[in-house]
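Since the structure comes first, as structure tokens, the remarks are kept for the end.
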Amino acid sequence: MKFCWCTIYVKNMEESLKFYKEIVGLEEKRRFAAGPGMEITFLGEGDTEIELICDANKVDLSYGKDISLGFQVESVDEMHALLQEKGVPVLSGMISPNPHTKFFFAQDPNGVKVQFAQMM
């Protein structure tokens with residue numbers, strides 16, 4: 001079995017793309033209209049992708065409070081500073097469960113929890 005993608009319904013495609021492209025650094029792979037009032041964009045590196053769906057007909061979006069997307073970064077301190085500079089909500093302080101890992105949580109424009117982790 002191969003994990004393909006994680007789907008996130010978004011309120012605003014452009015705002016969401018700005019976050020995942022400019023902050024997270026994901027590349028836009030493909031983008032297309034998927035029916036009246038619906039647009040889909042796939043982003044990612046390698047085999048695993050994030051699928052963003054903006055559907056004008058779906059107004060009640062709900063995200064699990066205990067689910068997060070995790071991204072490895074070179075420096076969590078630099079990412080933390082970038083998020084503060086860009087006004088992105090940071091949800092936690094630095095967490096280091098062992099001497100080899102350090103991470104924190106932030107929030108994407110839709111309220112999805114995003115973890116940025118540094119492996120040391």
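Any read-out appearing in this document is the output of simple, stated calculations on the displayed coordinates, not a laboratory observation. Just so we're clear, the structure is a prediction, and the values are computed from it rather than from any experiment. Using ideal geometry, Cβ is built from the backbone for each residue, glycine included, and neighbour counts are taken over all protein chains shown.
Any idea which residue in the range 74-114 is nearest to residue 23 (Cα to Cα), counting only those that are touching a helix residue (DSSP H, G or I) at 6+ places or on another chain (Cβ under 7 Å) and free of Cβ contacts under 8 Å to residues at least 24 places away in the same chain?
106
For (1) of a type outside the set (Gly, Ala, Ser); (2) surrounded by fewer than 13 Cβ atoms within 10 Å (Cβ to Cβ), each residue gets a yes or a no:
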position	(1), (2)
16	no, no
38	yes, no
60	yes, yes
78	yes, yes
84	yes, yes
97	yes, yes
112	yes, no
